[in-house]
Structures are given as structure tokens and as C-alpha cells.
Amino acid sequence: MLNDPAALIVRKKNWNGYVLLKLKSPRIARRSKPGQFLMVRVSDQPYPLLRRPLSVHARDGDCLELFFARTGLGTGMLAGKKTGGALDILGPLGKGFTLPRAAKGRTFCLVGGGRGIAPLYFLAEELKTRGARPRIFYGGKTAADVPLLNKLERLKAEIFLSTDDGSLGFRGFASAMFEKDLDRSARPDGIYACGPDPMMQKIAGIAGERGIPAQLSLESIMGCGIGACWGCVRKIRRGGDPEWVKICEEGPVFPANEVIWSMDEERAHAREEIILTDRQTDR
Ligand SMILES: Cc1cc2nc3c(=O)[nH]c(=O)nc-3n(C[C@H](O)[C@H](O)[C@H](O)COP(=O)(O)OP(=O)(O)OC[C@H]3O[C@@H](n4cnc5c(N)ncnc54)[C@H](O)[C@@H]3O)c2cc1C
Ligand code: FES
């Protein structure tokens, strides 16, 4: 894990509620793998205190890209950064996706909901480089929630689009579109997914019923991102027994059959603690 206190913002693109930042950070860019993330300091001021976790969305030589949705205070502040400015980043963090050893000619389905598409772009690029055939299922609430469509099309992978309201592509959830496609296509060699928990739970079920190996990139509130605070713990089933694991260290990517979907009281309590720590400097 490296710290770059001054990663230069070389490009910024804004859509309605979504932002792409291209950062020059040679050492972190060169070490990053699909599914890994950065902890980003959003302000030079003490508030907000905690860095925010964001996936490595793409890598281009000495640069890497972040793609994020403006969901609250931190991402709102990041969205206000300008080209030519600098960001303090820690990374690359986490274990990321496990890539197939022999990928050539094999088919992998990538399912991304909303901002969950962020790490899948980097993964799709890597799979293409290895000669695999990525099929990308990209879903959002409305047409405004799928701003990466043009960028994905340039990958020359198969793209399937859904919106909850039917304003673009398949009408319904990305998981429903994916399931329909599975019913009429050849069995893929693997599934990779990132998105809201209900979508991931559905994908885990679909993969389990069909016996297709699946990897899920999980989200969690993160206090530190480096294994120090226990704020990101989640129960994961290892060898049959559930155990608490730190999403930041052991994940954020897990095999779908290891993920336990209940929201335990302890996990809710850990989230509360993190949010309080972040906000206390504001008092
Ligand atoms: C490993 C990892 C990778 C991520 N990658 C991306 C990415 O590439 N693009 C992207 O848009 N988002 C990503 N996220 C989610 C992103 O970290 C949160 O949206 C962000 O931290 C919210 O910060 P905020 O200050 O804007 O929101 P806050 O003002 O802190 O909170 C706003 C709302 O967002 C929820 N929230 C806050 N932090 C998280 C979190 N870590 N996960 C889920 N919900 C959260 C809060 O409960 C609240 O409802 C990732 C999260 C993780 C754990
Ligand atoms: S975020 Fe601190 S231990 Fe995982």
C-alpha cells in the first residue's frame, strides 16, 4: 500500500450526479489490479475526517481513473475538485478480483448496478487483454444512471443495458435482465458483479442455482481501509463456518457462496460508530 499525497487531477468529466476523475499517480497506477480500491482524502480540512473508499475504475499508463456517484458529503466535495488540483490517495488496497488463469476464448458475465459499474470497467479491459469475451450487463434507475454506456461500447465487448423505469434498454433490474439472458445463452465460465446488496444477493442466487462460479465486490462503510478499525466487518462463510472478516483487507471481492446476507446487529453498530467518528470534528 502506497500513499500519494499529491495525485494530480489531469481530467474531470461530469454527468448528472456522476463524476470521472483521471489522476496521475505512477506508482499506485502501476500496482493497481481490477477490484482494488483507493482511500481518498476529500478535504484538506479536518472535516470530514475519514477518507472515502473508491474503486480503481481504469488504468492508463501512469494514470488511474475514479468513477463515482455523488451520494453525500465526501463524494460531493470530491466532485468539486478541479483539473490541475491534487488529491491525497492511499492504495491500491484490498484483494480485488481473481482472474482466470486461462482466459482465452472463455466467456465471463460482468453485472454492474449504478456506481457498481466502476470496478467492472477495469476488469473488462483486463479480460479483453487476456483474450476472454466479457459480456457486460449494466443497469441503472433511469437513462441518466448509465453514463458510461458510450465508454463501455468502445471496449468492443457485448453490452446489455437496463433501466428500472424502462427509459433505456431492458425495463427492470440488471439482475433480471441477466437472468433472462442466461436462460437463452450458453453457460458463461464465470460471473463478476458489483452493485447494491439486493442485486448482489440476487446474482449470488442465480449463480448458485446454476453452479456458475461468481465473485462479488462488496461495499461497506470504511473507517480506515487498511484493517485497523474493524468498521467494515461482515460475516463470511469460510469452510462452512461463519466468521467476521474485514472487507477492506480480505475483500472487497468474495466468492458469492461465501457471502452471508443478513444485516447483523453488530454490523449495524459498527457502521454507527464510523459515522459518529467522521462527524465528531464538526461539533
Ligand atoms: C471498496 C469500496 C469501493 C467503492 N467504490 C466506489 C466507486 O468506485 N464509486 C462510487 O461511486 N462509490 C464507491 N463506493 C462507495 C463510496 O465509498 C461511498 O458512496 C462514499 O464513501 C460515500 O461517501 P459520502 O461522504 O459521499 O457519503 P456520506 O455523506 O458519508 O453518506 C451518504 C450515504 O452513503 C452511504 N455510504 C457512505 N459510505 C458508504 C460506503 N462506503 N458504502 C456504501 N454506502 C456508503 C451512507 O450510509 C449514506 O446513506 C465504494 C465503497 C467501497 C467500500
Ligand atoms: S475499514 Fe478499517 S478495518 Fe476495514
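For this structure, a couple of remarks:
- Relative contact order (%) - the chain, alpha-carbon pairs under 8 angstrom, separation at least six: 17
- Amide H within-cut-off set for Phe97, under 5 Å, with H built and near neighbours excluded: Gly35, Gln36
- Accessible surface comparison of Glu219, Glu126, probe 1.4 Å, protein chains only, largest first: the order is Glu219, Glu126.
- Surface share of carbon and sulfur [accessible, 1.4 angstrom probe, percent] for the range 111-238: 51
- Max mean-square fluctuation residue, GNM over the chain, Cα-Cα springs under 10 Å, options Ser185, Ser220, Ser162: Ser185
- Counting only heavy atoms of the protein chains and using a 1.4 Å probe, Cys224 has close to 30 Å² of accessible surface.
- 5 angstrom amide H check on Val111, placed H, neighbours 5+ away: Phe137, Tyr192, Ala193, Cys194
- Beyond 25 Å in Cα-Cα separation lie the following of the pairs Lys24/Lys246; Lys81/Lys235; Lys24/Lys151; Lys180/Lys235; Lys33/Lys180: Lys24/Lys246; Lys81/Lys235; Lys180/Lys235; Lys33/Lys180.
- Close amide H partners of Ile159, meaning residues 5 or more places away or on another chain with modelled amide H under 5 Å apart, are Ile136.
- 3J(HN,Hα) along the range 71-77: 10, x, 4, x, 5, x, 5 Hz, from the Karplus curve 6.51 cos²θ - 1.76 cosθ + 1.60 with θ = phi - 60°, whole Hz, x for Gly and Pro.
- Per residue, the chain exposes 46 Å² of accessible surface when a 1.4 Å probe is rolled over the protein heavy atoms with every protein chain present.
- In the distance distribution for the chain, Cα-Cα pairs more than 34 Å apart total 16 percent.
The values are calculated or read from the model by the stated rules, or taken from the named source; none is laboratory data. Source: prediction; values computed, not measured. What goes into the accessible areas is simple: the full protein's heavy atoms, side chains included, and nothing from ligands, DNA or RNA. Shrake-Rupley method; radii C 1.70, N 1.55, O 1.52, S 1.80 Å.
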